[in-house]
1. Name the residue that is modelled with the lowest pLDDT, counting only residues in the range 116-141 that are open to solvent by less than 40 Å² (accessible area, probe 1.4 Å) and within 14 Å of the ligand (Cβ to nearest atom).
2. Can you name every residue in the range 172-192 that is under 21 Å from the mean Cα position of the chain (by Cα) and surrounded by fewer than 19 Cβ atoms within 10 Å (Cβ to Cβ)?
3. Identify, please: which residue in the range 89-115 is within 12 Å of the ligand (Cβ to nearest atom) and over 22 Å from A209 (Cβ atoms) and is, among those, surrounded by the most Cβ atoms within 10 Å (Cβ to Cβ)?
4. Being open to solvent by less than 20 Å² (accessible area, probe 1.4 Å) and hydroxyl-bearing (S, T, Y) is the filter here; which residues of the range 193-221 pass it?
5. Residue by residue through the range 48-88, note down the ones that are assigned to a loop (DSSP other than H, G, I, E, B) and away from the ligand (no atom under 16 Å from the Cβ).
6. Show the residue pairs meeting these rules: Cβ distance below 7 Å; 6+ apart or different chains; first residue within the range 288-308 and in contact (Cβ under 8 Å) with a residue 24 or more places away in the chain; second residue assigned to a helix (DSSP H, G or I) and of a type in the set (F, W, Y).
7. Is there any pair linking a residue in the range 110-135 that is on the phi > 0 side of the Ramachandran plot to one that is modelled with pLDDT under 95 and more than 16 Å from the ligand (Cβ to nearest atom), with Cβ under 6 Å and at least six apart or on different chains, and which?
Amino acid sequence: MASCSIDAVRLPTPSRSRADSGVETPSAHHISAGEYYATQPPPSTLEADMQKIRQFIGRHKEAGRKVVLITSGGTTVPLERNVVRFLDNFSAGTRGATSAEYFLKAGYAVIFMHRQFSLQPFSRHYSHSTNPFLDFLELEPAHHSSAPSSPLNASEMTNADPLITVRSPDPAKLRSVLAAYKDVKSRGTLHFVTFVTVNEYLWLLRAVAKEMNILGRNAMYYLAAAVSDFFLPLDKMSEHKIQSGKGSLVLEMDQVPKILKPMVDEWTPHGFLISFKLETDSELLIPKARAALDRYGHQVVIGNELHRRKLEVVFVSHTKASEKATEKWLRIDEEAVNRGKEIEEDIIAELVREHATWIADGPS
Ligand code: PAZ
């Protein structure tokens with residue numbers, strides 16, 4: 001095993017009470033955002049990605065449009081440099097992809113920064129696993145007139161391509177998704193950029209946030225991606241595939257730096273920033289959301305519990321800078337979900353209102 005330091009590292013196993021209280025393990029190695037970016041290499045595609053994003057932001061700034069950066073999907077933490085194994089974060093990308101459609105409908109330009117192959121706006125309605133589009137397509141025999149206008153030879157006549165028709169169980173929905181998709185394409189209001197690892201995510205986020213700073217208060221950040229709290233620094237990573245045969249694998253990971261602080265204070269001090277907090281213990285939701293808001297000083301934390309995230313979310317925010325944070329629940333019921341209602345519609349309506357008020361209340 002080349003440069004692997006697996007024997008030297010161990011994953012701290014927190015006591016039950018410590019884990020339940022959400023308190024960080026004392027042995028976790030903390031580094032600042034500055035140290036992180038000084039020691040972890042940028043992805044090779046960063047500059048090319050940023051060139052396109054710069055153009056997109058410039059075009060929409062000129063048009064006076066609000067721009068939202070949506071992050072969506074889970075990040076991976078590779079365990080080897082030639083990666084065979086990695087840890088992953090839970091997220092299909094549903095929240096991000098669904099929200100993107102409502103932001104576009106509300107007139108925002110959207111930078112959709114998502115985990116490669118996670119759900120995307122519009123195509124999410126026909127995902128290969130839940131609603132395979134191929135099932136809507138039918139092959140019909142081709143109809144040739146008896147006297148073809150152009151001369152065809154015999155083999156072309158007998159192997160004529162069948163026509164393809166679309167038979168959706170819900171044609172009205174397909175028409176409306178298609179119309180919205182075509183409209184967004186023709187306006188050029190949606191830009192995609194992908195990440196896989198937590199390192200790619202962190203580099204992209206910083207670069208996009210700094211670039212969006214030129215939009216001032218018209219910039220919004222909707223950080224719905226599920227980002228790993230831990231990572232394996234490059235110098236602790238095995239060059240090659242970790243070999244078995246030495247018994248159990250013990251890993252000790254460093255803590256990912258808290259990047260919301262520099263994001264708010266330095267990278268994009270004028271933007272309207274929404275972070276998400278996912279918990280599986282609903283008792284922790286409000287205290288952790290409040291703690292994040294106090295610690296980073298951004299505008300809104302949206303808390304959601306894993307199993308109820310499609311039915312309810314809680315907005316934790318300050319109505320006025322000096323006041324104690326307030327909570328506001330948005331809820332829909334199962335029946336509404338079964339009828340096709342999406343909680344993201346209400347989340348985005350609320351955020352669009354809050355963003356407008358915040359712009360109006362800010363320095364002109
Ligand atoms: O993508 P999805 O719809 O399956 O899940 C969305 C979510 C729960 C990952 C998102 O709403 C969220 O809470 N993101 C932040 C996760 C975190 O606390 O790191």
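1. In this case the residue turns out to be S127.
2. Applying the first criterion (under 21 Å from the mean Cα position of the chain (by Cα)) to the range 172-192 yields 177, 180-181, 184-185, 188-192.
Answer for the range 172-192, where residues must be under 21 Å from the mean Cα position of the chain (by Cα) and surrounded by fewer than 19 Cβ atoms within 10 Å (Cβ to Cβ): A180, Y181, K185, G188, F192.
3. Only one residue fits best here, namely T98.
4. Passing the criteria: Y201, Y221.
5. Initially, the range 48-88 is screened for residues assigned to a loop (DSSP other than H, G, I, E, B), giving 63-66, 73, 75, 79, 81-85.
Correct list: A63, G64, R65, K66, L79, R81, N82, V83, V84, R85.
6. Note: pairs meeting the criteria are Q299/W358.
7. Short answer, once both residue conditions are applied: none.
Residue-wise test of (1) open to solvent by 20 Å² or more (accessible area, probe 1.4 Å); (2) among the small types (G, A, S); (3) in a helix (DSSP H, G or I); (4) within 21 Å of H355 (Cα to Cα).
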| position | (1), (2), (3), (4) |
| --- | --- |
| A292 | no, yes, yes, yes |
| G303 | no, yes, no, yes |
| K310 | yes, no, no, no |
| V314 | no, no, no, yes |
| T319 | yes, no, no, yes |
| K324 | yes, no, no, yes |
| E327 | yes, no, no, yes |
| L330 | yes, no, no, yes |
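The values are calculated or read from the model by the stated rules, or taken from the named source; none is laboratory data. Everything numeric in this text was worked out from a predicted model, so none of it was measured. In this analysis, Cβ positions are derived from the backbone assuming ideal geometry, glycine residues included, and neighbour counts consider all displayed protein chains. Accessible surface is based on the protein model in full, side chains and every heavy atom, while ligands, DNA and RNA are left aside. Shrake-Rupley method; radii C 1.70, N 1.55, O 1.52, S 1.80 Å.
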